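One structure is given here, and the rest of the page talks about it.
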Amino acid sequence: MSAVQYPTTLWHAENVSIAEVLAALDEIRRRFAHQEADEGEHPHPRNCVMTLISVAPTEAHEQTAKRTTQMIGTEHPSQAIVIREQQPVEGRLLDAWITTDPDRPKAACGYECEFISLHVYGEAVEHLAPLLDPLLVSGVPTYLWWLGTPPFGKPEILDALHVCDGLVVDSAQFRDPYHSFHRMSDMLKLTHHRMGLADLQWSRLRPWREMIAQFFSPSDRRPFLAGISEVGVDYAGEGRGNRIVASLLTGWMASALGWKLRRATAGTGGVVVAVYAAGNRSVEVEFRSVPKEGLVQGELSAVRIAGVSHGTTYRLGIHHNPDRARASDIDFPERRRQDTGRVLLTMIEIGEGDPLRHIQQLEGQDEVSLLLDLLSTGTHDEVFNRSLAAAEELMEKF
Amino acid sequence: MKVQETAPNPLAQGLYDYRIADPAVMVIFGATGDLSGRKLLPALYNLAKQRSLPAGFAVIGAAMSAMTDESFRQTASQKIHQFSRTQPIDDRVLDALLSQLFYVPVDFSKLDDFRSLGRKLQELDATNHIPGNRIFYCATPPQTYQTIALQLQGANLNAGDGYHRIVVEKPFGTDLQSARELTQTLQKSFSEDSVYRIDHYLGKETVQNILAFRFANSIFEPLWTSNLIDSVQITVAEELGIENRGAYYDHAGAMRDIIQNHGLQLVALTAMEPPLAFEANAVRDEKVKVLRSIRPLIGEDIEQSTVRGQFTKGWVLGEQVDGYREEPNVAPDSQTETFAALRLFIDNWRWAGVPFYIRAGKRLPKRVTEIRVQFKRPPHLTFGREAMKEVDPNAITLRIQPEEGISLKFGAKVPSAGLRIRSVTMDFEYITSFLVEAPEAYERLLLDCMIGDPTLFTRADEVEAAWSLVDPIENSWRSGRPPLELYPAGTWGPDAAAKLLQADGREWHRP
């Protein structure tokens, strides 16, 4: 995605009420609608895909939220509200900025993305729902993206969720990830039934899940699922807090395949082994911390699955960004670019045959791409919920 | 090996939009041609980029030219760089795809060449863990389909372990008889459910959205009835001429090129009854019922209900363009129509008495495809004639291209002290309403074929039903009834097209 062009601020005021922000928004919308209408034509109605509310605990988070929502807005008409908590100042309620980014696609009506930035002072931050509700665009989903470590279970987040359809977090950003992860999984029990919970880490796992699912997809390989005996998960970073992604992946497999957790024990060299019962068989899952350049803490570097089915042994290995081994030696004179993306290398061994190599792209691991991927289908994901529950059960044993 | 019904893959659950194909080899006949370079190879690259090609998936290019694997990969790489909808090209994805591209020279008249192809397929089965799955894609002129199918059978490549599918591109014959002959030949080598007749139009998201609009909503379907609908207009307009396709087009014309396939498909999708499920045979059964319910045009009906036109020199998008007969490879006295308009009636309970007007043409003012469902006027003018004089009848317009979307036109009070009503529209725009980009039609259709979902492919009985309607019209046109009318390039067709609707007290909507 190209670098974002920041739109200029159309309206800014300090120590204002939400009513004043709304009045300013109405005026901006009215002006745009009339600008866009052809002569003699009625103004086109507003076009909006969603409202994305970002809560930014720090200035750095605020910048991230603004940058991300504006990049989403360059391609998709939406309303973005960024909330930043401020220390209480006597008599001060909020400061507000409104910017818009008009876009006029060749084959569609012009539209305007709205970016509303609010600095909220004092106790108002614990009552976000009444603050936000009047601003929301009706009829489109509202998502709450809480950056950093959300105050899971606390009044401010629970109140904000009253006006939202989904909560988006990134467990990779949690302080004290082990405990925060537990609190996150408890959230599902605390919030209203319409609320979906989504974790960007889960979205980062999607290509891994696809590759694993794909291996077992052909009908002649489906029996392999019942023959899995060993799983190995390599991840970056030390300590149990860095096993969140590895646990989510394992929780996903375990919940999909009906495995029951028996025990998890520390082995030698920092290796942790979890043992699952799969019917009358055992499946051993080995978690290894493996340092690898370019990976952030907790990120997966490899997954290995091995088993035997009706006398045929098989191995599936998926490796993150392996050293490049060109699949062919031919030279392509027209190529001008070097590698841009990261890849997953899949190695398949079935029976005695030579291993089959397969490289697939691992694109879009930035917040913009992950949010777009996640929000395009909504935040209600039963597979995530059950994987989260299974991962939490596993994490408790660590 | 027989493909067995197996339980769903539990690990695929929750992977939205991710459809997993089994490993297979796709053989592209005509791999060095235009369709392969512009559409198929770029579509395969984009599928690879989306991680939709399974490990082991391989492509064999098969054509007359003498070529090595390496030179075919070079050509493929150039075409993908040039024509891929996603740019820039990702080298590692491309390399991975290219490493699974192979080339086998095949002269379609030589059985031995098909046997060589068979040996390569077996080799790939072994190295790539492919259980014999094959897709034979005929990216070749239609007159080669029958030869290819028979040679595949001769080399025993249409049978064995795994699935064996053949893909053919439109046109599916040039009339009813040739369509039947083609079907019979294909069915000698492949069962009907293994024949994938590709009309890329059906792979367009907006065409599929016609079904979603109609059958995923409860508010529109009750309106879809002759009690409320006055008429339906379908426009498939292009501002382009025939773009060096004179040799083909002069034998086809607008009727065979557009109306017989795209035009009638749009009629079928607009008029069909709700299928039991979005499943191949359920959808196609309903489409065939519509095509069979269209009242055939015969004898004088053809002169009264059809218009054929040919463009002459004119101005399109601000540029002067030649007339059709000045185009390369077109006969100077050509009688081929570049514009066709029809009035059709569907003789069933839902559509009795509702005319469907279809027009398609080259060198019209702009490129636009849309379906306009026009409703009847209110039975009583509550606000009086004066207040309502600027109000058009309600209409729902399904815009297929280029401004993909849906509009609902209705009357609203003009804000003023008095009471005046004027028409306003409520718009849905595809491009700005979702957080994801629509895939290219060939990506969708290639993946459908790999997965074995023929819902968006045309079945033999659909093709035959369409030709049954078109053949009598073509025959009448060839004998000069009605006469060919000329229209200047850059206009909406000959005057006779406007008169066709005026005779019914209607007029064409300006898209």
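Derivation of every value follows stated rules applied to the coordinates shown; laboratory data play no part. Owing to the predicted nature of the structure, the values given are computational and were not obtained by experimental measurement. Here the Cβ is made from the backbone with ideal geometry for all residues, glycine too, and neighbour counts use every protein chain on show.
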Worksheet item: Considering every residue in A:218-226, what mean count of other chain Cβ atoms within 10 Å of its Cβ is obtained?
Response: 6
Discussion item. Ratio of alpha-carbon Rg to the 2.2 N^0.38 Å globular estimate for region B:136-258, to two decimals, please.
Written reply: 1.40
Item to complete: Determine, for A:Asp26, A:Asp373, the number of other Cβ atoms within 10 Å of each Cβ, and report the residues in order from fewest to most.
Response: A:Asp26, A:Asp373
Worksheet item: Which residue, A:Ser78, A:Ser219, A:Ser282, has the most motion in a Gaussian network model of chain A that connects Cα atoms within less than 10 Å?
Response: A:Ser219
Item to complete: Round to the nearest 10 and give me the degree value, 0 to 90, for the angle of helix A:367-377's Cα axis relative to the longest principal axis of chain A.
Response: 90 degrees
Fill in: Kirkwood hydrodynamic radius of chain A, Cα pairs, Å
23.5 Å
Worksheet item: A:Arg104 versus A:Asp133, label points 7 Å from Cα toward the beta carbon: distance in nm?
Response: 3.9 nm
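Taking K and R as +1 and D and E as -1, what net charge do the other residues with C-beta under 9 Å from the C-beta of A:Thr74 add up to?
Taking every other residue near A:Thr74 into account, the sum is -3.
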Item to complete: Specify the residue with the greatest mean-square fluctuation among A:His310, A:His182, A:His319, computed from a Gaussian network of chain A linking alpha-carbon atoms under 10 Å apart.
Response: A:His310
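Normalized C-alpha radius of gyration of region A:136-182, against 2.2 N^0.38 Å?
Normalised by 2.2 N^0.38 Å, the Cα Rg of region A:136-182 equals 1.25.
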Discussion item. Give the average, rounded to an integer, of partner chain Cβ atoms located within 10 angstrom of each Cβ in B:51-61.
Written reply: 4
Worksheet item: How would you rank A:289-301, B:138-150, highest first, on the average number of other Cβ atoms within 10 Å across their residues?
Response: B:138-150, A:289-301
Worksheet entry | Residues B:Lys376, B:Lys389, sorted so that the one with the fewest Cβ neighbours within 10 Å comes first | B:Lys389, B:Lys376
Worksheet item: Rounded to the nearest 20 Debye, what is the dipole magnitude of the protein assembly as shown about its Cα centre when Lys and Arg each give +1 and Asp and Glu each give -1 at the C-beta?
Response: 1180 debye
Practice prompt. Assuming R0 = 56 Å, can you tell me the calculated FRET efficiency for the pair B:Ala66 and B:Ala498, based on Cβ-Cβ distance, to the nearest 0.05?
Written response: 0.50
Worksheet item: Can you list the chymotrypsin sites (Phe, Trp or Tyr not before Pro) in region B:332-404 that are in a DSSP coil and have 10 or fewer other beta carbons within 10 angstrom?
Response: B:Trp349
Discussion item. Given the options B:Ser194, B:Ser36, A:Thr250, identify the residue whose Cα lies farthest towards the positive end of the charge dipole of the protein assembly as shown (+1 on Cβ of Lys, Arg; -1 on Cβ of Asp, Glu).
Written reply: B:Ser194
Worksheet entry | Per-residue Cβ neighbour rank within 10 angstrom, fewest leading, A:Ile28, B:Ile229 | A:Ile28, B:Ile229
Worksheet entry | Principal-axis tilt of helix B:69-83 within chain B, Cα atoms, nearest 10 degrees | 20 degrees
Discussion item. Taking each pair of distinct Cα atoms in the protein assembly as shown once, what is the resulting Kirkwood hydrodynamic radius in Å?
Written reply: 30.8 Å
Practice prompt. For chain A, find the longest principal axis of its Cα atoms and tell me its angle to the long axis of helix A:177-190, 0 to 90°, nearest 10.
Written response: 70 degrees
Practice prompt. Loop only per DSSP, at most 12 neighbouring Cβ atoms within 10 Å: give me the chymotrypsin sites (Phe, Trp or Tyr not before Pro) in region B:250-318, ordered by residue number.
Written response: none
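Give me the percent of Cα-Cα pairs in region B:103-197 that sit more than 20 Å apart, rounded to a whole number.
So the pairs more than 20 Å apart make up 34 percent of the total in region B:103-197.
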Practice prompt. Quickly rank B:128-134, A:98-104 as a protection proxy: mean count of other C-beta atoms within 10 Å, highest first.
Written response: B:128-134, A:98-104
Worksheet, complete the sentence: Whole-number value, in Å³ per residue, for the convex hull of the alpha carbons of region B:1-158 is 130 Å³
Worksheet, complete the sentence: The Cα radius of gyration of region A:9-163, divided by 2.2 N^0.38 Å with N its residue count, comes to 1.07
Worksheet item: Placing +1 at every Lys and Arg Cβ and -1 at every Asp and Glu Cβ, with all other atoms neutral, what dipole size does region B:107-204 have around its Cα centre, in debye to the nearest 20?
Response: 60 debye
Item to complete: Could you tally the net charge around B:Arg372, taking each other residue with its Cβ under 10 Å from the Cβ of B:Arg372, Lys/Arg +1 and Asp/Glu -1?
Response: +1
Discussion item. What are the equivalent ellipsoid semi-axes of region B:363-477, built from the alpha-carbon gyration tensor (square roots of five times its eigenvalues), in whole angstrom, biggest first?
Written reply: 39, 23, 13
Item to complete: Can you run the Rg to Rh ratio on chain B? Use alpha carbon positions and the Kirkwood inverse-distance Rh.
Response: 0.99
Worksheet item: Can you list the HN-Hα couplings for region B:384-389, worked out from phi with the Karplus curve (6.51, -1.76, 1.60; θ = phi - 60°), rounded to whole Hz and with x for Gly and Pro?
Response: x, 5, 5, 5, 9, 5
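Net charge within 14 Å of A:Asn15 by Cβ-Cβ distance, Lys/Arg positive one each and Asp/Glu negative one each, not counting A:Asn15 itself?
Net charge in that neighbourhood comes out at -3.
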Discussion item. Within 10 Å, at most 15 other Cβ atoms, and a DSSP state outside H, G, I, E, B define an exposed site. Report the longest part of chain B free of exposed GluC sites (Glu not before Pro).
Written reply: B:6-242
Discussion item. Bins of 10 Å, beginning at zero and ending with the bin holding the largest distance: percent of Cα pairs per bin for region A:189-298, please.
Written reply: 12, 39, 35, 14, 1
Practice prompt. DSSP loop (so not H, G, I, E, B), at most 16 other Cβ within 10 Å: list which trypsin sites (Lys or Arg not before Pro) in region B:213-267 pass both filters.
Written response: B:Arg245
Worksheet entry | Mean ellipticity per residue at 222 nm, deg cm²/dmol - from DSSP H runs of n ≥ 4 across the protein assembly as shown, formula -39500 (n - 2.57) | -9500 deg cm²/dmol
